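Participant: I'd like to ask some things about the structure below.
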Amino acid sequence: MSQRETWATRVGFILAAVGSAVGLGNVWQFPFQTGANGGAAFIVVYLAAVFLIGFPAMLAEFVIGRRAERNPIDAFARLGHRDWRVVGVLGTLSAFWILAFYSVVGGWVIRYIVGSATGAYFSGSEAYFGAIAAGPDAVGLHAVFMALTVGVVALGVTDGIERSTKLMVPSIVLLLGGLAVWAVTLDGGGAGYAYYLSPDIDTLVANIGSILPAAVGQAFFTLSLGMGAMLTYASYLGRDDSLPADGATIVVLNTFVGLLAGLVVFPILFSLGIEPGSGGLGAAFITLAGAFAQLPAGRLLGVVFFVVLLLAALSSAISLLEVVTAYLVDNTDRSRSTLAVALGAAIFALGVPSAFGLPILSWYNAIAYNLLLPLSVLCLLLFVGWVDTDDAVAELRRGTGLGEGGAVAWLWFVRTVVPLGVLVTLLLGLQSLAVRAGLLAEAVV
Ligand code: PHE
């Protein structure tokens, strides 16, 4: 086996991880989940979920990855717990599964960059989305997006992932920041800020049963947890920097970009009198495209916005492909580029059905959100919290000034509060899958 690669710099690792975290989840899903779940009330629960559940869980993945220096499947054996490799298998399969449909949405984004430049959707944004979201064209663009992802991963950890995310992540922040500043100038956008920034406690209390699983699921998805992406990235660390400090930077930057996206989306919608409404898959595309169509300089704004979305999607997709590629790179003698191409083709094939109908895509998404992610995060937490405990604590403290007390507090969280929160989310998620399946059965009868 050849020498395993490592990140060239600490900043490189942090930006790659931020690139993984910042994705369609922040710019596309987050504002619309917020809209669908009661506005600012959702944000309060989401922020709590990010910091109290997501952050400790991210550290759990980091600790496993850095110590094992292996892909998620082999990491457990490396740490002396072969039986647990099934958890790595689950994470790796989740990455494979999620990338399959994520790439279809990535294809839509490419389409919208072109559509903005030519004004193709200006005459009817709903009809446009209906026409491009499913069918042979969607398959073609799914292929283009996957090819871009493969191209980066094939170049390797430092030359591909580290280099590209060092460019992509700052571009996302700058462009999105520019759009947010521009959004301040919109007439009537004030209502958007109010809706977004002032939580209504009654709404929160009344809807906590649906807000909680949505917020926790969103926290996992946006932090790229549960599919081995953070574990894999940490396995290339080979250095003794502080994991809590790096993790905190990543979580804060990711949250910042999500909130920034909201500062762009809500003023735009409210200034045009559009309710953010449902969080459906097409909602963001239809509503935002509809908004760009009415705005002066809408073409330019549309292009900038969808370019941001593409960069965000791409820097996330490469982390998903890297999880699967790492397993084969670690275990075969074939070149990384051959493996990346072969895997890209297989994942592309798995995604093709979801490019033929929104209900199918929405099933792919629901299975990931409600089942794969929470289940996989739960298993990782149990491993770190109850099985690999002492070593995990030592690993967390490596390279930090973190005292015994801090590490024990983290461990306590990882053993109790966090898995309980995840378990509740998993059960609610399964329930919602069952309801979905029931609806489907009724529709068939
Ligand atoms: N975090 C990414 C997003 O918000 C999605 C993602 C999930 C990427 C899991 C990698 C792993 O869009």
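Participant: Please give me the summed charge of the neighbours of V153: other residues whose Cβ is under 15 Å from its Cβ, Lys and Arg +1, Asp and Glu -1. Show your work: numbers first, answer last.
Facilitator: Details: positive: R163, R334, R336; negative: E5, D159, E162, E322, D330.
Charge balance near V153 sits at -2.
Participant: Taking the alpha-carbon centroid of each part, what is the distance from the stretch 92-124 to the stretch 343-370 in angstrom?
Facilitator: 13 Å
Participant: May I pose another question? Could you point to the residue in A407, L148, I113 farthest towards the positive end of the chain's charge dipole, with +1 and -1 charges on the Cβ of Lys/Arg and Asp/Glu respectively?
Facilitator: L148
Participant: Can you pull the one-decimal nm distance between simple spin-label points at A131 and V408, each 7 Å off the Cα toward Cβ?
Facilitator: The modelled label-to-label distance comes out at 6.6 nm.
Participant: From the C-alpha gyration tensor of the chain, pull out the three semi-axes of the equivalent ellipsoid (sqrt of 5λ each), sorted largest to smallest, in whole Å.
Facilitator: Working from the Cα gyration tensor, I get semi-axes of 33, 25, 22 Å.
Participant: Here is a further query. What is the Cα centroid distance between the stretch 185-217 and the stretch 378-440, reported in whole angstrom?
Facilitator: The stretch 185-217 and the stretch 378-440 have Cα centres separated by 27 Å.
Participant: Be a star and scan the stretch 92-124 for residues whose amide nitrogen sits under 18 Å from the point 7 Å along the Cα-to-Cβ vector of F356.
Facilitator: 100-105
Participant: Charges only on Cβ, +1 for Lys and Arg, -1 for Asp and Glu: so what's the dipole of the chain about the Cα centre, in debye to the nearest 20?
Facilitator: Values: 19 positive and 25 negative charges, 104 e Å.
Magnitude of the dipole: close to 500 debye.
Participant: Using the crude model of +1 on Lys and Arg Cβ and -1 on Asp and Glu Cβ, and no other charge, please compute the dipole size for the stretch 342-433 relative to its Cα centre, in debye to 20.
Facilitator: On the way: 3 positive and 5 negative charges, 46 e Å.
Here the size comes out at about 220 debye.
A short reminder: the numbers here are calculations on the coordinates, not readings from a lab. Computed from a predicted model, the values in this text were never measured in an experiment. Using ideal geometry, Cβ is built from the backbone for each residue, glycine included, and neighbour counts are taken over all protein chains shown.
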